[in-house]
1. Spelling out what I want: for every residue of segment 161-175, take phi, set θ = phi - 60°, compute 6.51 cos²θ - 1.76 cosθ + 1.60 (Karplus), and round to whole Hz; glycine and proline get x.
2. Pick from Arg118, Arg69, Arg156: which residue has the top mean-square fluctuation in a GNM of the chain where Cα pairs under 10 Å get a spring?
3. Taking all protein chains as present, what is the carbon and sulfur share of the accessible area of the chain, in % to the nearest whole number, probe 1.4 Å?
4. Amide H of Thr14 versus every other amide H placed in the peptide plane: which residues, excluding those fewer than 5 positions away on the same chain, fall under 5 Å?
5. Over the chain, calculate the relative contact order: mean separation of alpha carbon pairs under 8 Å at least 6 apart, over the residue count, as a percent.
6. Convert each backbone phi in segment 70-77 into a coupling constant with the Karplus relation 6.51 cos²θ - 1.76 cosθ + 1.60 (shift: θ = phi - 60°), then list the ³J(HN,Hα) values in order as whole Hz, x for Gly and Pro.
7. If amide H atoms are built 1.01 Å from N in the plane of the peptide, which residues on other chains or at least 5 residues away come under 5 Å of the amide H of Leu137?
8. Ordered by residue, what ³J(HN,Hα) values in Hz, to whole numbers, does segment 80-97 give under the Karplus form 6.51 cos²θ - 1.76 cosθ + 1.60, where θ = phi - 60° and Gly and Pro are x?
Amino acid sequence: MNPTRLYLIRHAHTAADHTLDSVYWQLSTRGAEEAIRLAGQPFWSEVALIALSSELKTRLTVAPLLAQRGLPVVVDSRFDELQRPGWVENYERQVAQAFALPDQAAGAWEPASAALARILDGIADLVAHHPGRTLALVGHGLTLRLYRAHLLGRSRVEFDEWRQLGFATVALVDPVTPALLADFTL
(Lines give C-alpha, C1' and ligand atoms only; values in the text may rest on other atoms or scores of the structure.)
Protein backbone atom coordinates (compact mmCIF):
# COMPACT_ATOMS: atom_id res chain seq x y z
CA MET A 1 0.00 0.00 0.00
CA ASN A 2 1.15 3.54 -0.73
CA PRO A 3 1.98 5.77 2.23
CA THR A 4 -0.69 8.24 3.23
CA ARG A 5 0.25 11.82 2.40
CA LEU A 6 -1.52 15.02 3.36
CA TYR A 7 -1.07 18.39 1.70
CA LEU A 8 -1.80 21.22 4.12
CA ILE A 9 -2.98 24.40 2.42
CA ARG A 10 -3.69 27.74 4.03
CA HIS A 11 -6.69 29.44 2.48
CA ALA A 12 -6.13 32.31 0.07
CA HIS A 13 -6.06 35.96 1.19
CA THR A 14 -9.39 37.28 2.49
CA ALA A 15 -11.15 40.62 2.51
CA ALA A 16 -11.48 41.21 6.25
CA ASP A 17 -14.83 42.73 7.15
CA HIS A 18 -15.36 43.66 10.81
CA THR A 19 -19.15 43.70 10.27
CA LEU A 20 -19.18 39.95 9.54
CA ASP A 21 -18.03 36.92 11.48
CA SER A 22 -14.77 35.77 9.88
CA VAL A 23 -16.37 32.44 8.88
CA TYR A 24 -18.24 34.39 6.17
CA TRP A 25 -15.32 36.39 4.78
CA GLN A 26 -14.83 36.30 1.03
CA LEU A 27 -11.53 36.19 -0.83
CA SER A 28 -9.93 39.50 -1.71
CA THR A 29 -8.88 40.25 -5.30
CA ARG A 30 -5.41 39.07 -4.32
CA GLY A 31 -6.93 35.92 -2.81
CA ALA A 32 -8.88 35.14 -5.98
CA GLU A 33 -5.61 35.37 -7.93
CA GLU A 34 -3.90 33.12 -5.38
CA ALA A 35 -6.71 30.56 -5.73
CA ILE A 36 -6.22 30.48 -9.51
CA ARG A 37 -2.45 30.05 -9.09
CA LEU A 38 -3.02 27.31 -6.52
CA ALA A 39 -5.34 25.44 -8.91
CA GLY A 40 -2.50 25.23 -11.42
CA GLN A 41 -0.07 23.48 -9.06
CA PRO A 42 1.06 20.02 -10.25
CA PHE A 43 0.55 18.26 -6.90
CA TRP A 44 -3.23 18.18 -7.46
CA SER A 45 -2.79 15.24 -9.88
CA GLU A 46 -1.83 13.11 -6.83
CA VAL A 47 -4.76 14.20 -4.64
CA ALA A 48 -7.68 11.79 -4.19
CA LEU A 49 -9.83 13.94 -1.86
CA ILE A 50 -9.97 17.48 -0.48
CA ALA A 51 -10.97 18.22 3.11
CA LEU A 52 -12.21 21.72 3.91
CA SER A 53 -13.14 23.53 7.05
CA SER A 54 -16.73 24.72 7.22
CA GLU A 55 -15.59 28.31 6.67
CA LEU A 56 -16.43 29.84 3.28
CA LYS A 57 -12.89 30.99 2.50
CA THR A 58 -11.61 27.41 2.26
CA ARG A 59 -14.25 26.49 -0.34
CA LEU A 60 -13.51 29.68 -2.30
CA THR A 61 -9.79 28.83 -2.24
CA VAL A 62 -10.37 25.60 -4.16
CA ALA A 63 -13.27 26.82 -6.33
CA PRO A 64 -11.04 27.35 -9.41
CA LEU A 65 -9.58 23.86 -8.95
CA LEU A 66 -12.99 22.26 -8.54
CA ALA A 67 -14.14 23.97 -11.74
CA GLN A 68 -11.31 22.08 -13.53
CA ARG A 69 -11.27 18.75 -11.68
CA GLY A 70 -14.02 16.66 -10.18
CA LEU A 71 -12.26 15.87 -6.92
CA PRO A 72 -14.40 14.71 -4.01
CA VAL A 73 -14.71 17.18 -1.14
CA VAL A 74 -15.52 16.65 2.53
CA VAL A 75 -16.36 19.52 4.85
CA ASP A 76 -15.49 19.08 8.51
CA SER A 77 -15.84 21.79 11.15
CA ARG A 78 -13.02 20.21 13.13
CA PHE A 79 -10.74 21.90 10.59
CA ASP A 80 -12.19 25.37 11.33
CA GLU A 81 -9.95 28.15 12.53
CA LEU A 82 -9.34 28.65 16.22
CA GLN A 83 -12.72 29.92 17.41
CA ARG A 84 -12.53 33.63 18.05
CA PRO A 85 -15.91 35.36 18.23
CA GLY A 86 -16.20 39.01 17.27
CA TRP A 87 -13.75 41.54 15.93
CA VAL A 88 -10.51 42.09 17.87
CA GLU A 89 -8.72 45.41 17.42
CA ASN A 90 -5.28 44.07 18.36
CA TYR A 91 -5.44 40.72 16.60
CA GLU A 92 -1.70 40.00 16.74
CA ARG A 93 -1.64 40.52 20.51
CA GLN A 94 -4.47 37.99 20.89
CA VAL A 95 -2.64 35.53 18.65
CA ALA A 96 0.57 35.93 20.65
CA GLN A 97 -1.36 35.28 23.87
CA ALA A 98 -3.11 32.22 22.40
CA PHE A 99 0.21 30.71 21.32
CA ALA A 100 2.11 31.64 24.51
CA LEU A 101 -0.49 30.02 26.80
CA PRO A 102 -2.06 27.29 24.67
CA ASP A 103 -4.09 25.76 27.51
CA GLN A 104 -5.78 29.06 28.36
CA ALA A 105 -8.35 31.05 26.44
CA ALA A 106 -7.05 34.32 25.02
CA GLY A 107 -10.02 36.48 25.93
CA ALA A 108 -13.11 34.84 24.43
CA TRP A 109 -11.03 32.70 22.08
CA GLU A 110 -10.89 28.92 22.14
CA PRO A 111 -7.72 27.65 23.84
CA ALA A 112 -5.11 26.71 21.25
CA SER A 113 -4.75 23.24 22.81
CA ALA A 114 -8.48 22.60 22.25
CA ALA A 115 -8.20 23.67 18.61
CA LEU A 116 -5.20 21.37 18.14
CA ALA A 117 -7.07 18.45 19.72
CA ARG A 118 -9.98 18.78 17.29
CA ILE A 119 -7.65 19.12 14.29
CA LEU A 120 -5.76 16.00 15.33
CA ASP A 121 -9.06 14.16 15.73
CA GLY A 122 -10.21 15.29 12.28
CA ILE A 123 -6.95 14.27 10.63
CA ALA A 124 -7.01 10.87 12.35
CA ASP A 125 -10.52 10.24 11.00
CA LEU A 126 -9.56 11.45 7.53
CA VAL A 127 -6.56 9.11 7.41
CA ALA A 128 -8.52 6.17 8.85
CA HIS A 129 -11.16 6.51 6.11
CA HIS A 130 -8.64 7.03 3.28
CA PRO A 131 -5.51 4.96 4.07
CA GLY A 132 -2.73 4.95 1.52
CA ARG A 133 -4.18 7.95 -0.33
CA THR A 134 -2.87 11.43 -0.97
CA LEU A 135 -5.23 13.97 0.53
CA ALA A 136 -5.39 17.75 0.78
CA LEU A 137 -6.63 19.80 3.71
CA VAL A 138 -7.48 23.45 3.15
CA GLY A 139 -7.42 25.19 6.50
CA HIS A 140 -6.37 28.24 8.44
CA GLY A 141 -3.21 29.96 9.61
CA LEU A 142 -3.58 29.52 13.36
CA THR A 143 -4.68 25.90 13.35
CA LEU A 144 -2.27 24.81 10.62
CA ARG A 145 0.58 26.35 12.62
CA LEU A 146 -0.63 24.49 15.72
CA TYR A 147 -0.55 21.22 13.76
CA ARG A 148 2.90 22.04 12.34
CA ALA A 149 4.27 22.70 15.84
CA HIS A 150 2.81 19.36 16.95
CA LEU A 151 4.55 17.59 14.04
CA LEU A 152 7.83 19.20 15.08
CA GLY A 153 7.39 18.10 18.70
CA ARG A 154 6.92 21.64 19.98
CA SER A 155 4.53 22.49 22.81
CA ARG A 156 3.62 25.85 21.30
CA VAL A 157 3.80 27.92 18.14
CA GLU A 158 6.44 30.59 17.78
CA PHE A 159 4.63 33.85 17.03
CA ASP A 160 7.11 34.99 14.36
CA GLU A 161 6.69 31.68 12.50
CA TRP A 162 2.94 32.29 12.36
CA ARG A 163 3.50 35.82 11.03
CA GLN A 164 5.64 34.41 8.20
CA LEU A 165 2.99 31.97 6.99
CA GLY A 166 1.72 33.20 3.64
CA PHE A 167 -1.74 32.78 2.21
CA ALA A 168 -2.31 29.91 -0.25
CA THR A 169 0.91 28.23 0.88
CA VAL A 170 1.33 24.46 0.86
CA ALA A 171 3.11 21.93 3.07
CA LEU A 172 3.31 18.15 2.80
CA VAL A 173 3.07 15.81 5.78
CA ASP A 174 3.01 12.15 6.59
CA PRO A 175 0.04 12.14 8.99
CA VAL A 176 0.66 8.55 10.07
CA THR A 177 4.25 8.80 11.34
CA PRO A 178 3.55 11.85 11.85
CA ALA A 179 6.19 13.99 10.13
CA LEU A 180 6.55 17.26 8.25
CA LEU A 181 7.95 16.28 4.83
CA ALA A 182 8.01 19.72 3.18
CA ASP A 183 7.33 23.01 4.91
CA PHE A 184 4.92 25.70 3.72
CA THR A 185 5.89 27.32 0.41
CA LEU A 186 4.05 29.08 -2.37
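The values are calculated or read from the model by the stated rules, or taken from the named source; none is laboratory data. The structure presented is a predicted model; accordingly, all values stated were derived computationally and were not measured. Heavy atoms of the whole protein, side chains included, go into the accessibility calculation; ligands, DNA and RNA do not. Shrake-Rupley method; radii C 1.70, N 1.55, O 1.52, S 1.80 Å.
1. 5, 5, 4, 7, 6, x, 6, 6, 9, 10, 10, 10, 10, 9, x
2. Among Arg118, Arg69, Arg156, the largest mean-square fluctuation in the Gaussian network model of the chain belongs to Arg69.
3. Ligands and nucleic acids excluded, carbon and sulfur reach 52 percent.
4. Hits under the 5 Å cutoff: Ser28.
5. Over the chain, the number comes to 33 percent.
6. Per-residue couplings from phi come out as x, 6, x, 10, 10, 10, 9, 5 Hz.
7. The list, which skips near neighbours in sequence, is Tyr7, Leu8, Ile9, Ala51.
8. These are the phi-based 3J(HN,Hα) values: 5, 5, 3, 5, 8, x, x, 7, 10, 5, 10, 4, 4, 5, 5, 4, 4, 5 Hz.
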